[in-house]
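K.L.:
Here's a structure for you.
Nothing in this text is a laboratory measurement; each read-out follows from the coordinates by a stated rule. Computed from a predicted model, the values in this text were never measured in an experiment. Glycine also receives a Cβ, built like all others from the backbone with ideal geometry; neighbour counts cover every protein chain displayed.
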């Protein structure tokens, strides 16, 4: 039996029944990484020794008769912007090359409390800015469906690792779509939880009012298991919501949408959308209707301004957040030869340590925040944010969840949009509204586009702290699609020669 | 609506403010891209937003307080561990003041 092909839920059951050990399971994943990651490049760091020693400890505790959490012994890959004690954390940037954080992010601590096994750190667009992992200073990751295609981004190493069976679960973060878009283009499940539902403590900041850590899995239930384990109030994050975690695992098991009111957002469709994405999406909507949901179409008229508002708000916050990389207390420092003052060393270090996209966004943010332009750009974008929240409020008065495609196209080619920032930004067109509003959204596979045979994602959006609704809808869709296809969607992923 | 494109000089000025020593080649490359991006995001100005309050943060949370109790923090050795340079148990940085007397 190839242990890496199991779902996380199956792994959990077999571990609990002592049919398999955490050590075997971890070794199977390390072997898989060893054999395919040369082609995928999902990992920036593989924590083989730490993972095996963690696994050994879990096996010992289980042998001693301890009652362990559901994820005990289940391997997880971690996006390289979560601070991890004893492992490097680069954020895909040269400026943090070789940095070893002195503490664990709260979510990493929670994984350890749940006895999950941390396999290593995954590749990403530098500081989570991008939709393809091509902005990583360490080279792009490759999509397991077709190695010449992008795995999405910014959490593309995480999505690729899960789709390539290098890990059953992975952590990502979503600021403008950085979990949902990579999940969609890799044919896996990914959730942006409600903002504040998952702790940002120890997650390197990009745009603090938007950054939301979240889970990836190959099935809806697996994703819910990680979602539940990682979530909940954290006193170390002042924007963390002090309320119970929505019952996402129970919802994934329930998978019943009889009578649920589902709204199709008509504004997230039309020009610029690939025909195969629209036809798979239309089919998914019909499927939800056939499962007993009441489907209506509705318009969110300000969503068309979400992308421009986001590309003012996120760069503004990033220009402030990334000021901390100043070459003084940690990270890269260059040209400190005794002749230069602190400001010169800082400027030369940031010049050398940051890539093009990070520089573009810092400068764009500085522009949007400068006096004279503030009202016309940042101020206006904040008002648009209010209008988008109001659009959602009106919609959620009429329906329980909203649906749309996750991203306008399937995975594009590596290099295709690399030096065309506006083309790259369009990948986030459908995912940004939920980030600006701080509500919850999921991406679940809904088939392959006919023109290229690559996966398409269905996005489900729910009001803040109603994350469980995402899992009800996604699990119902997943079960119905599985019945139709007769096999998991990833059985069609043929990019790997291994 | 914005009439003037963002100039190369403006980009150079913003880069200086952002403490990024851009090269001339980068300025040539980034300035037109930034102009294209700014033209696109300027669409937000089409929205009639008279009297609409700005949102800086979606959750509506206000400030959070906690009891003022000492908790464990990093030791000096841990805090200095990743520093580019240290001296006498402190961060060592390049000079921050001018050389003139």
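K.L.:
Can you spot a residue in the range A:56-63 that is in contact with a helix residue (DSSP H, G or I) (Cβ under 9 Å, 6 or more places away or on another chain) and touching a residue at least 60 places away in the same chain (Cβ under 8 Å)?
P.N.:
No, because not a single residue in the range A:56-63 is in contact with a helix residue (DSSP H, G or I) (Cβ under 9 Å, 6 or more places away or on another chain) and touching a residue at least 60 places away in the same chain (Cβ under 8 Å).
K.L.:
Now for a different question. Condition (residue is at negative phi and assigned to a helix (DSSP H, G or I)) applied to the range A:231-247: is it met by at least one residue?
P.N.:
no
K.L.:
Across the range A:280-303, what is the total count of residues that are closer than 17 Å to residue A:255 by Cα and not in a strand (DSSP E or B)?
P.N.:
Final tally of qualifying residues: 10.
K.L.:
Okay, next question. Restricting to the range B:62-74, and then to whatever is within 9 Å of chain A (Cβ to nearest Cβ) and exposed (fewer than 10 other Cβ atoms within 10 Å of the Cβ), can you tell me which residue is nearest to the chain's Cα centre (by Cα)? Outline the logic, then answer.
P.N.:
Applying the first criterion (within 9 Å of chain A (Cβ to nearest Cβ)) to the range B:62-74 yields B:63-64, B:66, B:74.
Subsequent filtering for residues that are exposed (fewer than 10 other Cβ atoms within 10 Å of the Cβ) retains B:63, B:66.
Working: B:63: 23, B:66: 28 Å.
It comes out as B:63.
K.L.:
What are the residues in the range A:295-319 that are farther than 22 Å from residue A:176 by Cα and without any contact (Cβ under 8 Å) to a residue 40 or more places away in the chain, if any?
P.N.:
Across the range A:295-319, the qualifying residues are A:295, A:297.
K.L.:
Hey, any hits in the range A:210-222 for a residue that's farther than 28 Å from residue A:390 by Cα and in a strand (DSSP E or B)?
P.N.:
yes
K.L.:
What residue, among those in the range B:13-49 that are surrounded by fewer than 16 Cβ atoms within 10 Å (Cβ to Cβ) and within 22 Å of residue A:371 (Cβ to Cβ), is nearest to the other protein chains (Cβ to nearest Cβ)?
P.N.:
Per the criteria, the residue is B:17.
K.L.:
Restricted to the range A:388-406, and to residues that are part of a helix (DSSP H, G or I) and touching a strand residue (DSSP E or B) at 6+ places or on another chain (Cβ under 7 Å), which residue is nearest to the other protein chains (Cβ to nearest Cβ)?
P.N.:
A:395
K.L.:
Does residue A:385 satisfy being within 29 Å of residue A:463 (Cβ to Cβ), within 7 Å of chain B (Cβ to nearest Cβ) and either in contact with a strand residue (DSSP E or B) (Cβ under 7 Å, 6 or more places away or on another chain) or crowded, with 19+ Cβ neighbours inside 10 Å (or both)?
P.N.:
So residue A:385 fits the description; yes.
K.L.:
Please determine whether any residue of the range A:161-179 is surrounded by fewer than 24 Cβ atoms within 10 Å (Cβ to Cβ) and in contact with a strand residue (DSSP E or B) (Cβ under 8 Å, 6 or more places away or on another chain). Steps first, answer last, please.
P.N.:
If we filter the range A:161-179 for residues that are surrounded by fewer than 24 Cβ atoms within 10 Å (Cβ to Cβ), which is where we start, we get A:165.
Adding the requirement that they be in contact with a strand residue (DSSP E or B) (Cβ under 8 Å, 6 or more places away or on another chain) leaves none.
Within the range A:161-179 (the criterion being surrounded by fewer than 24 Cβ atoms within 10 Å (Cβ to Cβ) and in contact with a strand residue (DSSP E or B) (Cβ under 8 Å, 6 or more places away or on another chain)), the answer is no, since none of the residues qualifies.
K.L.:
Of everything in the range B:11-31, what is farther than 19 Å from residue A:377 by Cβ and assigned to a helix (DSSP H, G or I)? Give them in sequence order.
P.N.:
Answer for the range B:11-31, where residues must be farther than 19 Å from residue A:377 by Cβ and assigned to a helix (DSSP H, G or I): B:12, B:16, B:24, B:25, B:26, B:27, B:28, B:29.
K.L.:
Please enumerate the residues belonging to the range A:1-53 that are farther than 21 Å from residue A:91 by Cα and outside any helix (DSSP H, G or I).
P.N.:
A:1, A:2, A:6, A:7, A:17, A:18, A:19, A:20, A:21, listed by residue number.
K.L.:
Name the residue, out of A:342, A:282, A:323, that is over 29 Å from residue B:94 (Cα atoms), without any contact (Cβ under 8 Å) to a residue 24 or more places away in the chain and surrounded by fewer than 19 Cβ atoms within 10 Å (Cβ to Cβ).
P.N.:
Within the list A:342, A:282, A:323, the selection yields A:282.
K.L.:
Another question, then. Residue check: is residue B:77 more than 7 Å from chain A (Cβ to nearest Cβ), farther than 30 Å from residue A:378 by Cα, outside any loop (DSSP other than H, G, I, E, B) and more than 24 Å from the chain's Cα centre (by Cα)?
P.N.:
yes
Let's see how each residue does on (1) within 12 Å of chain B (Cβ to nearest Cβ); (2) part of a loop (DSSP other than H, G, I, E, B); (3) touching a helix residue (DSSP H, G or I) at 6+ places or on another chain (Cβ under 6 Å); (4) within 30 Å of residue B:48 (Cβ to Cβ):
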residue: A:249; (1), (2), (3), (4): no, no, yes, no
residue: A:252; (1), (2), (3), (4): no, no, yes, no
residue: A:272; (1), (2), (3), (4): no, yes, no, yes
residue: A:311; (1), (2), (3), (4): yes, no, yes, yes
residue: A:326; (1), (2), (3), (4): yes, yes, yes, no
residue: A:332; (1), (2), (3), (4): yes, yes, yes, no
residue: A:337; (1), (2), (3), (4): yes, yes, no, no
residue: A:344; (1), (2), (3), (4): yes, no, no, no
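K.L.:
With respect to residue B:52, determine if the residue is part of a loop (DSSP other than H, G, I, E, B), at the interface with chain A (Cβ under 7 Å from one of its Cβ atoms) and surrounded by fewer than 11 Cβ atoms within 10 Å (Cβ to Cβ).
P.N.:
Considered against the rule, which asks whether it is part of a loop (DSSP other than H, G, I, E, B), at the interface with chain A (Cβ under 7 Å from one of its Cβ atoms) and surrounded by fewer than 11 Cβ atoms within 10 Å (Cβ to Cβ), residue B:52 comes out as no.
K.L.:
Take residue A:444 and decide whether it is part of a helix (DSSP H, G or I) and in contact with a strand residue (DSSP E or B) (Cβ under 9 Å, 6 or more places away or on another chain). I'd like the intermediate steps shown before the answer.
P.N.:
On the way: part of a helix (DSSP H, G or I): no; in contact with a strand residue (DSSP E or B) (Cβ under 9 Å, 6 or more places away or on another chain): yes.
So residue A:444 does not fit the description; no.
K.L.:
Please verify whether residue A:377 is at the interface with another protein chain (Cβ under 9 Å from one of its Cβ atoms) and touching a residue at least 40 places away in the same chain (Cβ under 8 Å), treating the condition exactly as stated. Let's see the steps before the verdict.
P.N.:
On the way: at the interface with another protein chain (Cβ under 9 Å from one of its Cβ atoms): yes; touching a residue at least 40 places away in the same chain (Cβ under 8 Å): yes.
It is true that residue A:377 is at the interface with another protein chain (Cβ under 9 Å from one of its Cβ atoms) and touching a residue at least 40 places away in the same chain (Cβ under 8 Å).
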